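The values are calculated or read from the model by the stated rules, or taken from the named source; none is laboratory data. From a predicted model like this one, the values you see are computed outputs, not experimental measurements. Note that each Cβ is placed from the backbone with ideal geometry, even for glycine, and that neighbours are counted across all protein chains shown. Only protein heavy atoms, including side chains, enter the accessible area calculation; ligands, DNA and RNA are left aside. Shrake-Rupley method; radii C 1.70, N 1.55, O 1.52, S 1.80 Å.
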Amino acid sequence: MLRSLILARGIHISSVNWSSSKAQLLKLRKKTGYPFESCKKALQLNDNSLEKSEVWLKEEAQRLGWAKANKLANRATAQGVIAFAIDNQKEVATMVEVNCETDFVARNKCFHSVVDVVTSSCLDFAKQQKALENSFSKVNLKSGDLMELSGAEGKSLADHVAVTIGNLGENVTLRRATCLNTRDTGLNIMGLTHPSNTTGSQFLSGKYGSLLIYRKQQGSEKINQRSMESSRDEILRQMCQHVIGMNPKSVGVLKIHEPIKSEEVMPAKTFNENDDSSMDSIDENNSNSTIEEDGMLEQAFLLDPSITVGQVATDYGIDVLDFVRYECGET
């Protein structure tokens, strides 16, 4: 009888311990996202302590990530995304390119997470820059510069990339970034990506991206009646579309042209931010354009080829000072 009671008590205690361990395992798995086997090992090595197990998992992921990163370092990374972020005042902005090996990984949530970390770090870096007198600050960062920046949890971006490589099993590289600061200059920034990311990423991303630095003209007499038909912000987004589609090489010179004449009247184009096929038609029209100007202000406006970008800027009281254009994987 006594032996049976002791046996039953042992089974009960074992059952309670297993339930407790299972609950801890599920909680650790949900909090960290690491595989069940890794979480189970972490709990076994750390006396079922969630806090100690979480620290162990992060250190292990970092160690394995660097090992994997060194192993995959020579693999080509031709895919990836362009991402940008602008502060609420439209005075500080950044654009980054993060690359990976395959388009499949470029759509992965884990990859998007590291893109968010990189973009956030570059935006913080841009905020620390001082705008030049009567101008703006523009800093271009290369891969080595980016890897040294500090990211979330005080870790370098190099550490964040290593963990991502360990999780994905695919090489990931930080290619470049541009950081802009126009504070106290009267200038603002507008940005756009194509196609526009809709996967829930914190920042907008796509295969193409552009940032436009501009000044709003204050004199109302300079603004044409056309400005009543559409908001200035919408026109600025369309100018960013123009930069992506027509790929100007410089801002150019503001000239007041007569309406552009050609043998064939070209209809106004529509531009779908979420449709890759629309970029194909833009490239085709770009190569066949009757005006082959490198200066943005001198080019036929992408959405209305009967006028130039310079005319649009004048009509809406916009002074274009500079722009940045990224295309993922471009040489």
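Can you name every residue in region 133-159 that is open to solvent by 30 Å² or more (accessible area, probe 1.4 Å) and in a helix (DSSP H, G or I)?
SER143, GLY144, ASP145, MET147, GLU148, ALA152, GLU153, GLY154, ASP159
With the condition kept exactly as written, say whether any residue in region 110-120 is of a type outside the set (Asp, Glu), part of a loop (DSSP other than H, G, I, E, B) and open to solvent by less than 50 Å² (accessible area, probe 1.4 Å).
The answer is no; no qualifying residue exists.
Is there a residue in region 59-77 that is outside any helix (DSSP H, G or I) and in contact with a strand residue (DSSP E or B) (Cβ under 7 Å, 6 or more places away or on another chain)?
Yes: region 59-77 contains one or more residues that are outside any helix (DSSP H, G or I) and in contact with a strand residue (DSSP E or B) (Cβ under 7 Å, 6 or more places away or on another chain).
Go through region 79-122 and give me each residue that's free of Cβ contacts under 8 Å to residues at least 40 places away in the same chain and of a type in the set (A, V, I, L, M).
ALA106
Out of the residues in region 178-206 that are touching a helix residue (DSSP H, G or I) at 6+ places or on another chain (Cβ under 8 Å) and at pLDDT 90 or above, state the one that is nearest to SER120 (Cα to Cα).
This residue is CYS179.
Are any of the residues in region 294-314 loosely packed, with under 15 Cβ neighbours inside 10 Å and either modelled with pLDDT under 95 or among the β-branched types (Val, Ile, Thr) (or both)?
Yes, region 294-314 has at least one match.
Looking at THR178, THR164, THR185, which is the one that is touching a residue at least 24 places away in the same chain (Cβ under 8 Å) and open to solvent by 20 Å² or more (accessible area, probe 1.4 Å)?
After applying the criteria, what remains is THR185.
Using the structure shown, decide if LEU26 is of a type outside the set (Val, Ile, Thr), touching a Leu at 6+ places or on another chain (Cβ under 7 Å), modelled with pLDDT of 75 or more and over 30 Å from SER205 (Cα atoms).
no
Being more than 19 Å from VAL324 (Cβ to Cβ) and touching a strand residue (DSSP E or B) at 6+ places or on another chain (Cβ under 8 Å) is the requirement here; does ASN134 meet it? Break it down stepwise before answering.
Working: more than 19 Å from VAL324 (Cβ to Cβ): yes; touching a strand residue (DSSP E or B) at 6+ places or on another chain (Cβ under 8 Å): no.
Against the criterion (more than 19 Å from VAL324 (Cβ to Cβ) and touching a strand residue (DSSP E or B) at 6+ places or on another chain (Cβ under 8 Å)), ASN134 does not qualify.
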